[in-house]
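Let me begin by presenting the structure, written as structure tokens, before commenting on it.
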Amino acid sequence: MNDTQRPPLPDHLSIDPRSPHHVAAVFQHNVGIRFNGKERNDVEEYCISEGWIKVAAGRTLDRKGRPMLIKLKGTVEAFYADAP
């Protein structure tokens, strides 16, 4: 694959298919997130322009059985992790 076949990474992306910020075409490739200079693999949602990520808060679940999320603020970079 080359970079021309990959869709551009959106400013706001969520892994939850019910979210309006979910873009299925992006998840055909491995997406990496760098938060404050360190790679994270537990990110559920991110927004580059606002500078935040959402990650699961331990094993805590909400009333619908989904993980509770906390918002962390900082520098967010998104990139395709798989080799072209």
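The values are calculated or read from the model by the stated rules, or taken from the named source; none is laboratory data. These numbers come from a predicted model, not from an experiment. Neighbour counts run over all protein chains shown; Cβ positions are idealised from the backbone, glycine included.
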**Close pairs from the stretch 55-71: first closer than 17 Å to VAL43 by Cβ, partner modelled with pLDDT of 95 or more and among the aromatic types (Phe, Trp, Tyr), Cβ under 8 Å, at least 6 apart** = LYS71/TRP52
**Prompt:** What strands (runs of 3 or more DSSP E) lie completely within the stretch 19-76 and have 1 or more residues being more than 29 Å from GLN5 (Cβ to Cβ)?
**Reply:** 52-61, 67-73
**Message:** Based on this model, can you work out whether ILE33 counts as within 17 Å of GLY74 (Cα to Cα) and either under 10 Å from the mean Cα position of the chain (by Cα) or of a type in the set (A, V, I, L, M) (or both)?
**Reply:** yes
**Prompt:** So which residues in the stretch 1-13 are touching a residue at least 40 places away in the same chain (Cβ under 8 Å) and part of a strand (DSSP E or B)?
**Reply:** LEU13
**Complete:** Selection from the stretch 72-84 of residues over 12 Å from the mean Cα position of the chain (by Cα) and either surrounded by 14 or more Cβ atoms within 10 Å (Cβ to Cβ) or modelled with pLDDT of 95 or more (or both) yields LEU72, LYS73, GLY74, THR75
